[in-house]
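Bear in mind these aren't lab numbers, they're just calculated from the coordinates by the rules spelled out. What you are looking at is a predicted structure, and each value in this text was computed from that prediction instead of being measured. Every residue, glycine as well, gets a Cβ built from its backbone with ideal geometry; the counts of neighbours run over all protein chains shown.
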């Protein structure tokens, strides 16, 4: 299960504190006459990134970065695992046909170099050795993709930093405003339906050696944070990792959740659906209160759980719709 393996690798990566600050300064006389400005940014590693002007030819090594670029109206020239992105993140569909640069964990340096990018946007989930090689090709803006202490803040700050690198500040402001409005609307709808404070548990799962593993999205996860922002209570008691807020349990570990709504996102590209199929005859699963009451909700495919404002808006719509219909 490629997506799970990659996400698990991401979850174990140490999050770096985003030191994102950006300045602009006049370029040379000729460039200034054309309205061009040099851009200086500081990324999550503390590295200073200098650009001659807003980056136009951008390569992205991670899906949340791709989503941010598309949200800002920037069509990346290179994307890691294009097929996977199209399957798992339909909230911000690609408007072009970018070159596939390889996997999210191991981009092809030759392919990236062939694109002659102005900027490469990566995350700290990418191995340091790979980032070092990429820096020989073009300026690399390295972001910290997650922070369990403030996932929404991290999401917005990363979007803003990419916007400063690409000259799309107005688009970032608009995207963040739309996200805030969606959160407010979702909270209002749930309250009107008498669901304020309703307990919810979001998870994903996979099958290995005929055993179903469950990954809880705790209050420190992006989805967990969004759940609480719209007025729901996160039911998970397990501890999540410090970056993504993801925990680990099994089917027996669900017994303490009680009466609530259980939600997950699958994908047609996956070989199985552990909650709907693999556990269908498992007594530990079928005896759970929320399973008995048919309060298990598979949300629509294509909502990337580690995405940006567009994905989280789609998530709010999907979850609110599932709980109120």
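By the Kirkwood approach, averaging reciprocal distances over each pair of separate Cα atoms, the range 63-186 gets a hydrodynamic radius of 15.1 Å. A crude spin-label estimate for the pair residue 135 and residue 188, with each label 7 Å from Cα along the Cβ direction, gives 4.8 nm. Taking every C-alpha pair closer than 8 Å and separated by at least 6 residues, the mean separation divided by the residue count of the range 179-324 gives a relative contact order of 26 percent.
Legend: ranking of residues 286, 61 from fewest to most surrounding C-beta atoms inside 10 Å; resulting order 286, 61. The angle separating the long axis of helix 151-166 from the principal Cα axis of greatest extent in the chain is about 20 degrees. Taking the longest Cα principal axis of the chain as reference, the axis of helix 309-324 is set at about 20 degrees. Bridge orientation summary for the chain: considering DSSP beta bridges with both residues in this region, about 50 percent are antiparallel.
Potential lengthening of the chain between residue 47 and residue 181 amounts to 44.8 nm, from the contour at 0.36 nm per residue minus the alpha-carbon distance. The convex hull defined by the C-alpha atoms of the range 245-325 has an orientation-averaged projected area of 6.1 nm².
Taking the number of Cβ atoms within 10 Å of each Cβ as an exposure proxy, the fewest-first ranking of 154, 104, 135 is 135, 154, 104. Labels on offer are (1) 6, 25, 37, 24, 8, 1; (2) 6, 26, 33, 21, 10, 3, 1, 0; (3) 6, 25, 34, 25, 9, 1, and the one holding P(r) over Cα pairs in 10 Å bins from 0, in percent computed from this structure is (2).
Using the Cβ-Cβ distance between residue 293 and residue 75 with R0 = 41 Å, the FRET efficiency computed as 1/(1 + (r/R0)^6) comes to roughly 0.35. In plain terms, the residue of 63, 285 with the fewest other Cβ atoms within 10 Å comes first and the most crowded comes last, giving 285, 63.
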